[in-house]
1. Return a yes/no flag: does region 8-16 have any residue that is at pLDDT 90 or above and either farther than 22 Å from N232 by Cα or over 14 Å from the mean Cα position of the chain (by Cα) (or both).
2. Among the residues of region 232-255, how many are out of contact with any helix residue (DSSP H, G or I) (no Cβ under 9 Å at 6 or more places or on another chain) and in a strand (DSSP E or B)?
3. Would you mind stating whether I39 is touching a residue at least 12 places away in the same chain (Cβ under 8 Å), outside the structural domain of K111 (by TED's automatic domain parsing), over 26 Å from A254 (Cα atoms) and among the β-branched types (V, I, T)?
4. Specify which of the listed residues (R132, R87) is in a strand (DSSP E or B) and in the same structural domain as T174 (by TED's automatic domain parsing).
5. Which of (1) closer than 16 Å to I50 by Cα; (2) more than 19 Å from the chain's Cα centre (by Cα) is the odd one out, the single condition L173 does not satisfy?
6. Kindly provide the set of residues from region 91-110 that are closer than 20 Å to I186 by Cβ and part of a loop (DSSP other than H, G, I, E, B), ordered by number.
7. Can you go through Y216, Y205 and tell me which one is closer than 21 Å to L70 by Cα, hydroxyl-bearing (S, T, Y) and crowded, with 17+ Cβ neighbours inside 10 Å?
8. If you take the residues of region 111-129 that are in a helix (DSSP H, G or I) and either among the charged types (D, E, K, R) or at pLDDT below 95 (or both), which of them is nearest to G237 (Cα to Cα)?
Amino acid sequence: MMRRRDFLTSGIGLAAGGLAAPAIFSPAKAQARQETLLIVSESGPNNLDIHGVGTNVPGYEVSWNCYDRLISHGMKTNAEGTPYYDRDKFVPELAEDMNIGDMSVTFKLKKGVTFQDGTPITAKDVKWSLDRAVSVGGFPTFQMSAGSLLKTEQFVVVDDNTVRIDFLRKDRLTIPDLAVVVPCVINSELVKKNATATDPWGLEYTKQNTAGSGAYKVTRWTPGTEVVLERNENWKGGKLPAVRRIIWRMVPSAGNRRALL
């Protein structure tokens, strides 16, 4: 999976599943190199929502960059100088404070954090999103269960700015499981407006539209052809990315990928 920290903060991205390295495209010499990043790969996402049925790895990569979690895993470097995620180190994303008790963990949300449409993020959005993750079935629910996160009753709104997660049992994987890609926080009111009786979690809407607070948002997606992501200028989850726009093109032929780059 694409490492989001590298993807966000540098002018170099990974060509997901492709043989060619990515290139920087700039329509004018006066623009900075990091204005637009072109990524070319063999295949692309089949779904923009990590909670979607059958979402593939490129879909995870889009979701990882467009949604935030309460916390994320920190990074460390191995002996070869390669950075990778540290399972035991956590950094704040939407949460500014994490208080671990004997049988629960309480998170205080950062002040002034909003979704990409400007809607304030509240503890209700966090609870709805975690409820969704444990309820939709498939991989998301399986991943949540790895940290003993199984029931909607475990996620409690204390106030607009505070959410508590109650433990079913003492499990050393519970906190790490909150920092992976699945327990992302979704704009619940926006998605609920686009939900239906047969699709109460709005999976059809989020399959084609991002509804998060992450560093990027999808502004155009042509399945099998191209994904365009634009930087979220109001992102509060970390250091603002250097790259403003990412154009990710799907080119099945390795020779054509090389020629394009």
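1. no
2. 1
3. For I39, the condition - touching a residue at least 12 places away in the same chain (Cβ under 8 Å), outside the structural domain of K111 (by TED's automatic domain parsing), over 26 Å from A254 (Cα atoms) and among the β-branched types (V, I, T) - is not met.
4. R87
5. (1)
6. Of everything in region 91-110, those that are closer than 20 Å to I186 by Cβ and part of a loop (DSSP other than H, G, I, E, B) turn out to be E93, L94, K110.
7. On the way: Y205 fails: closer than 21 Å to L70 by Cα.
Result: Y216 is the single residue among Y216, Y205 that is closer than 21 Å to L70 by Cα, hydroxyl-bearing (S, T, Y) and crowded, with 17+ Cβ neighbours inside 10 Å.
8. D125
The values are calculated or read from the model by the stated rules, or taken from the named source; none is laboratory data. On a predicted model such as this, the values are computed, not experimentally measured, just so you know. Every residue, glycine among them, receives a Cβ derived from its backbone with ideal geometry; neighbour counts consider all protein chains shown.
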